[in-house]
Amino acid sequence: MTPPDDPTAWTRDIIARDRRHVWHPFTQHQTEVEPIVLTRAKDASLFDADSKEILDLISSWWTCTHGHSHPKLNEALARQAENFEHVMFAGFTHQPAVDLATALARLLPGDLNRVFYSDDGSTAVEVALKIAYQHWVNCGDSRRRVLLAFDGGYHGDTLGAMSLGRGSGFFSVFRDLMANVCVLPFPCTFEDDDAVEGREAGALSGCEALLTERGQEIAALIIEPLLQGAGGMRICRPSFLKRLVELAQGAGIVVIFDEVATGFGRTGTLFAMEQADVVPDLVCLSKGLTAGYMPMAVTVARDALFESFLDDSFDRALPHGHSFTANPLACAVGLRSLALFEEENTLARIAGINARHREMLTVLSSRDDLVRARVLGSILAVDVKDAGAYQSAKSLTLKAWYLSQGLNIRPLGQTLYLMPPYCITDEELTRAYAGLMEGVDRFSR
Ligand code: PMP
């Protein structure tokens with residue numbers, strides 16, 4: 001984009017028309033401050049029309065992995081656009097979709113081999129729910145209508161996904177429309193936590209009791225493995241995850257891993273499930289799937305689940321599909337992004353970010369106004385005492401202050417966190433930590 005001649009007037013015009021015509025996500029328009037108009041983004045930075053830099057320390061809602069406007073990803077996108085931009089995906093197929101599905105099946109453990117394409121994290125979860133429910137129906141069991149999910153979990157904002165995320169507290173207005181979900185306690189942990197084992201035992205025995213009492217009614221269990229994102233960057237231990245999956249799969253329940261946020265390196269391994277050494281029956285991926293370039297998601301199923309949909313009649317087929325399913329531009333950029341993980345040794349970069357975050361743990365843990373410091377992969381999080389809930393006045397003030405300092409840090413209620421793109425430099429991380437702490441100093445005064 002060519003820079004506008006008069007950046008101030010240009011920006012005012014965009015904001016005025018935005019205010020008149022655009023409805024933003026998760027936004028109270030009556031009270032929200034003016035949005036920032038971006039004109040450019042590069043690596044870990046966003047720029048406005050005056051070339052003011054903002055470090056994207058939450059990777060644009062956790063989507064951006066390798067950095068903004070990466071030349072190799074740009075090239076893959078442009079090359080695919082020259083060939084063709086889109087084609088319907090029933091009765092047609094194409095190499096980008098097949099190559100990406102093949103690559104994902106190779107990278108995922110066990111027999112997670114069957115890739116269903118959709119458009120965003122919420123729809124990946126809806127698809128997983130429909131597959132789990134219909135699997136039972138196809139097997140002749142239509143009693144299984146109960147779903148198990150976790151307190152503080154977030155799985156998206158379509159109807160099924162909201163039902164699963166009812167424990168997140170975001171969606172109470174819709175509770176009368178929600179599906180039948182039992183919410184289990186999530187045994188989150190943090191640095192120097194000496195009560196985690198008791199919490200894990202409680203969560204496991206609660207789950208076991210439900211499976212014993214209502215096992216015949218339960219279709220599936222869903223969890224964000226190792227990290228609840230929107231619920232406040234709450235971490236659980238891999239050993240808990242492993243025991244939970246063994247329990248649920250032992251009872252014959254379909255286990256869904258929502259790796260929409262944790263996938264593609266965020267927790268230190270390509271997928272969080274690797275750390276627990278388990279294979280769920282279904283996994284949902286989005287966000288980092290296309291390195292943050294294009295809206296796309298997949299729900300990947302184990303072979304046996306897919307086979308329960310095979311029949312001579314359409315009745316057993318999955319009645320689901322979107323206009324933009326398996327968009328070739330998105331598939332091409334997703335495939336190129338996977339190659340970048342090897343070419344740029346991305347997991348080592350993430351380990352470097354993790355080591356820097358771990359150094360910060362001592363700083364965070366030494367303060368009286370901060371609690372529950374935690375680090376997982378590329379994520380650093382801490383809770384501010386008495387900061388209030390999501391969108392509290394204090395958290396909004398802090399968000400605005402960080403932005404004024406050129407830092408995109410958005411508190412999740414009381415939780416402050418950093419989840420930067422993997423290309424972030426040492427100098428940028430130093431700047432991020434200094435800004436983070438200065439904000440806390442002002443905030444806790
Ligand atoms: N699952 C998880 C774990 C998420 O973090 C999110 C989004 N934050 C979603 C699902 C929904 O994804 P989307 O916003 O792309 O619909």
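The values are calculated or read from the model by the stated rules, or taken from the named source; none is laboratory data. All values derive from a computational prediction rather than experimental measurement. With ideal geometry, Cβ positions are generated from the backbone for all residues, glycine too; neighbour counts draw on all protein chains shown. Areas reflect the complete protein model, heavy atoms only, side chains present, ligands, DNA and RNA absent. Shrake-Rupley method; radii C 1.70, N 1.55, O 1.52, S 1.80 Å.
Quick one: is F186 at pLDDT below 95 and among the hydrophobic types (A, V, I, L, M, F, W, C)? Working first, answer last.
Values: at pLDDT below 95: no; among the hydrophobic types (A, V, I, L, M, F, W, C): yes.
Judged against the criteria, F186 is not a match.
Here are the criteria: (1) without any contact (Cβ under 8 Å) to a residue 40 or more places away in the chain; (2) buried (at least 19 other Cβ atoms within 10 Å of the Cβ); (3) small (G, A, S). Tell me which single one A373 does not satisfy. A373 satisfies all of (1) without any contact (Cβ under 8 Å) to a residue 40 or more places away in the chain; (2) buried (at least 19 other Cβ atoms within 10 Å of the Cβ); (3) small (G, A, S) except (1).
Across segment 315-341, the qualifying residues are those that are away from the ligand (no atom under 16 Å from the Cβ) and part of a loop (DSSP other than H, G, I, E, B), and the one among them that is farthest from the chain's Cα centre (by Cα) is A317.
Of the residues examined, C182 is not one that is buried (at least 19 other Cβ atoms within 10 Å of the Cβ) and away from the ligand (no atom under 16 Å from the Cβ).
For (1) under 18 Å from P421 (Cβ atoms); (2) surrounded by 13 or more Cβ atoms within 10 Å (Cβ to Cβ), each residue gets a yes or a no:
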{"residue": "I14", "(1), (2)": "no, yes"}
{"residue": "R17", "(1), (2)": "no, no"}
{"residue": "R20", "(1), (2)": "no, no"}
{"residue": "H24", "(1), (2)": "no, no"}
{"residue": "T39", "(1), (2)": "no, yes"}
{"residue": "K42", "(1), (2)": "yes, yes"}
{"residue": "L55", "(1), (2)": "yes, yes"}
{"residue": "A90", "(1), (2)": "no, no"}
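Identify all residues within segment 144-174 that are over 29 Å from A201 (Cα atoms) and in contact with a helix residue (DSSP H, G or I) (Cβ under 7 Å, 6 or more places away or on another chain); write none if there are none. Matches in segment 144-174: D157, T158, L159, F174. Screening the candidates A209, A248, A219, A230 for the property of being farther than 20 Å from A132 by Cβ and either away from the ligand (no atom under 16 Å from the Cβ) or outside the structural domain of G165 (by TED's automatic domain parsing) (or both) yields one hit, A209. Set side by side, the residues A90, A105 differ, and just one is in contact with a Gly (Cβ under 9 Å, 6 or more places away or on another chain) and either more than 23 Å from G263 (Cβ to Cβ) or small (G, A, S) (or both), which is A90. Just to be sure before I move on: is Q228 over 26 Å from D157 (Cβ atoms) and out of contact with any helix residue (DSSP H, G or I) (no Cβ under 8 Å at 6 or more places or on another chain) in the structure I sent? So Q228 fails the test.
Could you name every one of the helices (runs of 4 or more DSSP H) located completely within segment 217-314 that has at least 1 residues being without any contact (Cβ under 8 Å) to a residue 60 or more places away in the chain and over 30 Å from G413 (Cα atoms)? Working first, answer last.
Working: elements: 238-250, 273-276, 303-307.
Filter on segment 217-314 gives 238-250, 303-307.
Scanning segment 255-287 for residues that are open to solvent by less than 10 Å² (accessible area, probe 1.4 Å), more than 11 Å from the ligand (Cβ to nearest atom) and over 12 Å from A124 (Cα atoms) yields V255, F264, G265, T267, F271, M273, A276, P280.
Scanning segment 120-158 for residues that are touching a residue at least 24 places away in the same chain (Cβ under 8 Å), away from the ligand (no atom under 11 Å from the Cβ) and assigned to a helix (DSSP H, G or I) yields V127, L129, K130, I131, A132, Y133, Q134, H135, W136, N138. Of all the residues in segment 329-386, those that are in contact with a helix residue (DSSP H, G or I) (Cβ under 6 Å, 6 or more places away or on another chain) and within 24 Å of A76 (Cα to Cα) number 9. If you go through segment 289-300 and keep only what is open to solvent by less than 10 Å² (accessible area, probe 1.4 Å) and either in contact with a Leu (Cβ under 7 Å, 6 or more places away or on another chain) or among the β-branched types (V, I, T) (or both), you end up with T290, A291, M296, A297, V298, T299, V300.
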